């Protein structure tokens, strides 16, 4: 994706161009939705978080620093919003045993869906910090530098956190009988 | 194998190594079975996660997102700029002036003036959290050959907004004078540099505008009572001569 194209769209949005808004949202709604889904394990919550993410991004567009990539900024909002949502869930004691342990979805007969469910269950056992680095690396294909920008941590921390997260993830999957 | 070695292998799997890093990795893999096993583990995990397809975005989500976002109206008002954040006196490129003198007429706002444009303008401000629920206090309109405009005073509590909607044939100096004491300039908002020059000092603000321009000045009522007549005086000048002036009534200071 071209950063120049993002900047042009952002500038048009600042001038009130709703078509540019639609284009910018279209570019990022899918990766942001997938990241939020993997952070939260719930399609409904992910949709809410994505909506909030874009709303906050555009409310604060004047704070966006074009030195950074737009997607880094928007992922940062999405990750923070996802963690907020998880905390709200914890506070209302609705956390994830129900979601993770819930029965297979309507098309869970497909192998890919089964893998997806198991992977999600394993992700949900990780800490928020570990889950965030896994999600950013594997579901948004962010580089170490970009992950650092999103999470506002040094690259060195990204590397060590990612290593620990993968180790924990592998152990979880092995407990469930997978041998990744 | 130490943590640096492990992170080197991981960086190789993630395609994050430069040429020197790749060479170090090759050397490590060549000499360490443990390193090769870790590389295989990490690659398998990446492949396992990679087989999960992206989830489709719910059909209605795009519409939900877009409909929930307010953008500035095209040609509408830009961001507030706080006077307090600016140097005490700012002047850039104040245009020169000459000719055209026209008689002044003050238009006092009455009922049924349909100030929809101003309402929209104030609505734009409202979305920035300032003038929601404001009431129109006064308004005047003017029209001279090739130039026209209207100015509306809106109040919410102790905050006032002067909304300008101008269509000016040439560079026009706009002067706004607040009554002595009681009120102060607080901020202004403009779109696309509607004002090519802004300067203010005390209770007087001057700016230059040309063409179709919309901007808003925000005023705040202070705690001290106003000592002057409770009116805002506005003068529009072209080529150094006043072409139009008028006043807007402020509520009396308490």
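The values are calculated or read from the model by the stated rules, or taken from the named source; none is laboratory data. These figures come from a predicted structure and were not determined experimentally. Here the Cβ is made from the backbone with ideal geometry for all residues, glycine too, and neighbour counts use every protein chain on show.
Do you know which residues across segment B:6-28 are assigned to a helix (DSSP H, G or I) and more than 11 Å from chain A (Cβ to nearest Cβ)? Passing the criteria: B:12, B:19, B:20, B:21, B:22, B:23, B:24, B:25, B:26, B:27, B:28. Within segment A:152-178, the set of residues being touching a helix residue (DSSP H, G or I) at 6+ places or on another chain (Cβ under 8 Å) and modelled with pLDDT under 90 comprises A:152, A:176, A:178. When the residues of segment B:131-142 are filtered to those that are part of a strand (DSSP E or B) and over 12 Å from residue B:246 (Cα atoms), the one that is modelled with the highest pLDDT is B:137. When segment B:34-87 is limited to residues that are within 25 Å of the chain's Cα centre (by Cα), facing another protein chain (nearest Cβ under 7 Å) and modelled with pLDDT of 80 or more, the one that is surrounded by the fewest Cβ atoms within 10 Å (Cβ to Cβ) turns out to be B:68. Looking at the structure I just gave you, is residue A:44 in a helix (DSSP H, G or I) and surrounded by fewer than 18 Cβ atoms within 10 Å (Cβ to Cβ)? When the stated conditions are applied, residue A:44 passes them. Is there a residue in segment A:2-16 that is in contact with a helix residue (DSSP H, G or I) (Cβ under 6 Å, 6 or more places away or on another chain), away from every other protein chain (no Cβ under 13 Å) and either surrounded by fewer than 21 Cβ atoms within 10 Å (Cβ to Cβ) or in contact (Cβ under 8 Å) with a residue 12 or more places away in the chain (or both)? Yes, there is a match, as at least one residue in segment A:2-16 is in contact with a helix residue (DSSP H, G or I) (Cβ under 6 Å, 6 or more places away or on another chain), away from every other protein chain (no Cβ under 13 Å) and either surrounded by fewer than 21 Cβ atoms within 10 Å (Cβ to Cβ) or in contact (Cβ under 8 Å) with a residue 12 or more places away in the chain (or both).
Filtering segment A:77-99 to residues that are part of a helix (DSSP H, G or I) and at pLDDT below 75 leaves A:90, A:91, A:97, A:98, A:99. Scanning for something outside any loop (DSSP other than H, G, I, E, B), more than 12 Å from chain B (Cβ to nearest Cβ) and crowded, with 18+ Cβ neighbours inside 10 Å, does segment A:25-39 turn up at least one residue? Yes, that holds for at least one residue.
Residues in segment A:139-155 that are within 12 Å of chain B (Cβ to nearest Cβ), touching a residue at least 40 places away in the same chain (Cβ under 8 Å) and crowded, with 24+ Cβ neighbours inside 10 Å: A:142 alone.
Residues in segment A:47-71 that are surrounded by fewer than 18 Cβ atoms within 10 Å (Cβ to Cβ) and under 22 Å from residue B:56 (Cα atoms): A:48, A:55.
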